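Encoded as structure tokens, the structure appears first; notes follow it.
The values are calculated or read from the model by the stated rules, or taken from the named source; none is laboratory data. From a predicted model like this one, the values you see are computed outputs, not experimental measurements. Here the Cβ positions follow ideal geometry from the backbone for every residue, glycine too, while neighbour counts run over all protein chains shown.
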Amino acid sequence: MPLDTADDPYAVPEFLAPRIDALGLRGNVRDLVDNGYTVIQDPVAHALTDRVREAILRLAEETAPPRTGQSAALLLGRDPVFSEAVLVPRLLALVEFLVGRGAILSQLTSSIRGEGAAPLVLHADNSWFPAPFPNWEIMATACWVTDAFTREGGCTSIVPGTHALKRHPSEEECRALDGLVPILAPRGSLCLWDGSVWHGNYPRETPGQRVVMHMTYTRAGFAPVEDYSHLDEAWLAGQPEGVRDLLGRNLFLGSTTIGSGGADPVKLRHTQRIARSEKA
Ligand SMILES: O=C(O)CCC(=O)C(=O)O
Ligand SMILES: [Fe+2]
């Protein structure tokens, strides 16, 4: 017998319920179900925060221009702290609540925003999927707050409850920003949301740097069944047109390098054109 009944909106799968209870996460589960996001306090995360921040600032200097000092990407493996960071117990339990047992890491990157940084436009992280989104979540994103999240400091902004709409915001909704609220959180917090809820961030109006680690997890089923990364450019050169597309090599997915610090912009635009519409 499952521990919770199917008609309980806050039901937690049987495999996860003991961990959710042991870690005291029922309130976070309610936040995720009701609002699409939650703020996690985990002693493991608090203990790692200084190291996470220091490593991001150091590694961002290895990012090539124009993003030097603004982001460090592909973080796992670049400092031992990141192997501990991706496994923070309260985070991982809630990630598995959102995207299932055996969730996989999709992205571990960071952003450094200084005074005057422009706001991030409203979006749902299910960016590469058309609406309506399925009833189950595809993505789970956490922002690791390494200095306090305040409105003036350019914290994440969110429209609570929009995850229930199961679609992307329209251009009009991105302009109107109805219902937008700041996620206020002390240093060391993890702000976690599902891939459906609409969010962005506020401009930064204060001196200093907002350093955030962005952690995205997805369902195990989204990994390709076979890994063709050994098929290189030399091999592709002799192949029929279309093989490159089928291997996803024209998509931005997988295009981030340590030097670039982010996605290939040409591939990103191509992916934006094709992923949510049938327009070529
Ligand atoms: O930088 C932020 O506050 C939010 C970034 C964001 O949209 C994300 O990590 O999904
Ligand atoms: Fe996002």
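Checking each residue in segment 101-116 for being more than 15 Å from the chain's Cα centre (by Cα) and in a loop (DSSP other than H, G, I, E, B) picks out Arg101, Gly102, Gly114, Glu115, Gly116.
The set of residues from segment 107-147 being over 24 Å from Arg269 (Cα atoms) and either assigned by TED's automatic domain parsing to the domain that holds Arg276 or within 13 Å of ligand 1 (Cβ to nearest atom) (or both) comprises Ala142, Cys143, Trp144, Val145, Thr146, Asp147.
Selection over segment 217-243 of residues that are surrounded by 12 or more Cβ atoms within 10 Å (Cβ to Cβ) and over 25 Å from Thr109 (Cβ atoms) gives a count of 4. Sub-8 Å Cβ pairs linking a first residue in segment 197-209 that is away from ligand 2 (no atom under 16 Å from the Cβ) to a second residue that is not aliphatic (A, V, I, L, M) and not in a loop (DSSP other than H, G, I, E, B), at least 6 apart or interchain, are Arg204/Arg113; Arg204/Arg210; Gln209/Arg113, ordered by first then second residue. Screening Leu98 against (1) within 15 Å of ligand 2 (Cβ to nearest atom); (2) touching a Pro at 6+ places or on another chain (Cβ under 9 Å); (3) part of a helix (DSSP H, G or I) leaves a single unmet condition, (2).
Tell me yes or no: at least one residue of segment 227-249 is in contact with a strand residue (DSSP E or B) (Cβ under 9 Å, 6 or more places away or on another chain) and among the hydroxyl-bearing types (Ser, Thr, Tyr).
First, pick out the residues of segment 227-249 that are in contact with a strand residue (DSSP E or B) (Cβ under 9 Å, 6 or more places away or on another chain): none.
Checked segment 227-249: no residue is in contact with a strand residue (DSSP E or B) (Cβ under 9 Å, 6 or more places away or on another chain) and among the hydroxyl-bearing types (Ser, Thr, Tyr).
Any idea how many residues of segment 199-236 are within 16 Å of ligand 1 (Cβ to nearest atom) and either part of a loop (DSSP other than H, G, I, E, B) or among the small types (Gly, Ala, Ser) (or both)? Counting residues in segment 199-236 that are within 16 Å of ligand 1 (Cβ to nearest atom) and either part of a loop (DSSP other than H, G, I, E, B) or among the small types (Gly, Ala, Ser) (or both) gives 8.
Of Gly248, Gly262, which residue is farther than 23 Å from Ser111 by Cβ, of a type outside the set (D, E, K, R) and surrounded by 12 or more Cβ atoms within 10 Å (Cβ to Cβ)?
Values: Gly262 fails: farther than 23 Å from Ser111 by Cβ.
Every option except Gly248 fails the conditions.
Answer yes or no: is there a residue in segment 179-189 that is over 17 Å from the mean Cα position of the chain (by Cα) and without any contact (Cβ under 8 Å) to a residue 24 or more places away in the chain. Yes, segment 179-189 has at least one match.
Residues of segment 54-77 being of a type in the set (D, E, K, R) and either under 17 Å from the mean Cα position of the chain (by Cα) or buried (at least 17 other Cβ atoms within 10 Å of the Cβ) (or both), which ones? Please lay out each step first, then the result.
Keep residues of segment 54-77 that are of a type in the set (D, E, K, R), which gives 54, 58, 61-62, 67.
If the condition is that a residue be of a type in the set (D, E, K, R) and either under 17 Å from the mean Cα position of the chain (by Cα) or buried (at least 17 other Cβ atoms within 10 Å of the Cβ) (or both), then Arg67 is the only one that fits.
One residue stands out among those in segment 115-163 that are small (Gly, Ala, Ser), buried (at least 16 other Cβ atoms within 10 Å of the Cβ) and within 15 Å of ligand 2 (Cβ to nearest atom): the one that is nearest to Arg101 (Cα to Cα), which is Ala140. Those strands (runs of 3 or more DSSP E) of segment 117-198 in which at least 3 residues are among the hydrophobic types (A, V, I, L, M, F, W, C) and at pLDDT 95 or above, considering only elements entirely within it, cover 120-123, 139-145, 190-194. Looking for something in contact with a Leu (Cβ under 6 Å, 6 or more places away or on another chain), over 26 Å from Ile104 (Cα atoms) and of a type outside the set (Ser, Thr, Tyr) - is there at least one such residue anywhere in segment 175-190? No: zero hits.
Go through segment 165-198 and report how many residues are exposed (fewer than 14 other Cβ atoms within 10 Å of the Cβ) and within 11 Å of ligand 1 (Cβ to nearest atom). Total meeting the criteria: 0.
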